[in-house]
Amino acid sequence: MQKIAFHLGSLPIHWYGLLLASGFLVGLWTASRRAKRDQLAPDQVIDSGTWLILGAIVGARALYVVSYWDRLFQEPLFPQAPWTEIFMVQRGGLVFYGGLIGATAAGMIYVWKNNLPRWKFADALAPSIALGYVPGRIGCLMNGCCYGRETSLPWAIHFPKDHETHGVGVHPTQICDSLLNLGLYAVLAWLHRRKQFDGQIFASYLVGYALTRSAVEAFRGDYPVRYLGGTLTPAQLVSPAILLAGLILIWKLPRPGPGRSS
């Protein structure tokens, strides 16, 4: 765990923000390369970057504040910190599902404004969402957040004694999440070259991510509150809806007719 990567003068540059930014840039670049297969200009994908990152940050931070309000922002803790703490994303505190929802909404606006084929655009981006997530989760590891439950298994990792885990062994949930998403990226990139209809890759991403995230969440130990009798995390409550949305898209999206290609 090492929160600070380096300093620019007196300004600390956090690993979390640095890795998050690198994941976004790598994802955007690979999506622009993939866009050609969907008859999209690479510049159209690159130009969407500002919309996507703003939507992702707003959505991810908003869901984080809602999810952790009792622990971080509510009485009596909140008066001890300035209200601007709500906006301090550079220190961590982003919920991916919120970012996915926010980026999807921003992407829909961008596609509408530029009259782009929405499902082709979504397919070009989908594998890169999984790829960009990989360094982002390593950023969580460096920041000491999103940690796992206590375990004595050989692959346990140990944070410093002054961390919330007090140095005991915990499941390496950040590393597991990164590896699963790297595998998801490989599957989606392979499927993209063989897709049968527009929207298939984005829908498959929703299904794949909902399943992998739910699995990792079972080993998370950082949530102050769990739901339905203390068994489900906030992400596990959202995952079924995301999974269902993906399955409905796979079922309902139109297939190309005879003699037409996707």
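The values are calculated or read from the model by the stated rules, or taken from the named source; none is laboratory data. Model, not experiment: these values are computed from the prediction. In this analysis, Cβ positions are derived from the backbone assuming ideal geometry, glycine residues included, and neighbour counts consider all displayed protein chains. Just so you know, the surface numbers come from the protein's heavy atoms only, side chains and all, with ligands and any DNA or RNA stripped out. Shrake-Rupley method; radii C 1.70, N 1.55, O 1.52, S 1.80 Å.
Table for the structure above
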{"read-out": "Test result for Y209, touching a Leu at 6+ places or on another chain (Cβ under 7 Å), closer than 29 Å to G139 by Cα and surrounded by fewer than 18 Cβ atoms within 10 Å (Cβ to Cβ)", "value": "no"}
{"read-out": "Among residues of region 111-130, those that are among the hydrophobic types (A, V, I, L, M, F, W, C), open to solvent by 30 Å² or more (accessible area, probe 1.4 Å) and farther than 13 Å from L40 by Cβ, counted", "value": "2"}
{"read-out": "Of all residues making up region 24-50, the number that are modelled with pLDDT under 90, in a helix (DSSP H, G or I) and either open to solvent by 70 Å² or more (accessible area, probe 1.4 Å) or in contact with a Gly (Cβ under 7 Å, 6 or more places away or on another chain) (or both)", "value": "4"}
{"read-out": "Residue count for region 163-211, restricted to those that are aliphatic (A, V, I, L, M) and more than 20 Å from G132 (Cβ to Cβ)", "value": "2"}
{"read-out": "Check on R226, at pLDDT below 90, among the basic types (K, R) and over 17 Å from the mean Cα position of the chain (by Cα)", "value": "yes"}
{"read-out": "Boolean, Y185 is more than 29 Å from W119 (Cα to Cα) and surrounded by 15 or more Cβ atoms within 10 Å (Cβ to Cβ)", "value": "no"}
{"read-out": "L180 being open to solvent by less than 50 Å² (accessible area, probe 1.4 Å) and part of a helix (DSSP H, G or I)", "value": "no"}
{"read-out": "Lone unmet requirement of (1) at pLDDT 90 or above; (2) within 16 Å of the chain's Cα centre (by Cα); (3) open to solvent by less than 50 Å² (accessible area, probe 1.4 Å) for I138", "value": "(3)"}
{"read-out": "Subset of region 98-110 that is within 19 Å of G246 (Cβ to Cβ) and either surrounded by fewer than 22 Cβ atoms within 10 Å (Cβ to Cβ) or without any contact (Cβ under 8 Å) to a residue 24 or more places away in the chain (or both) - its residue that is nearest to the chain's Cα centre (by Cα)", "value": "I101"}
{"read-out": "Evaluation of T173 against (1) in contact with a helix residue (DSSP H, G or I) (Cβ under 9 Å, 6 or more places away or on another chain); (2) over 22 Å from I242 (Cβ atoms); (3) touching a residue at least 24 places away in the same chain (Cβ under 8 Å) (one fails), failing number", "value": "(2)"}
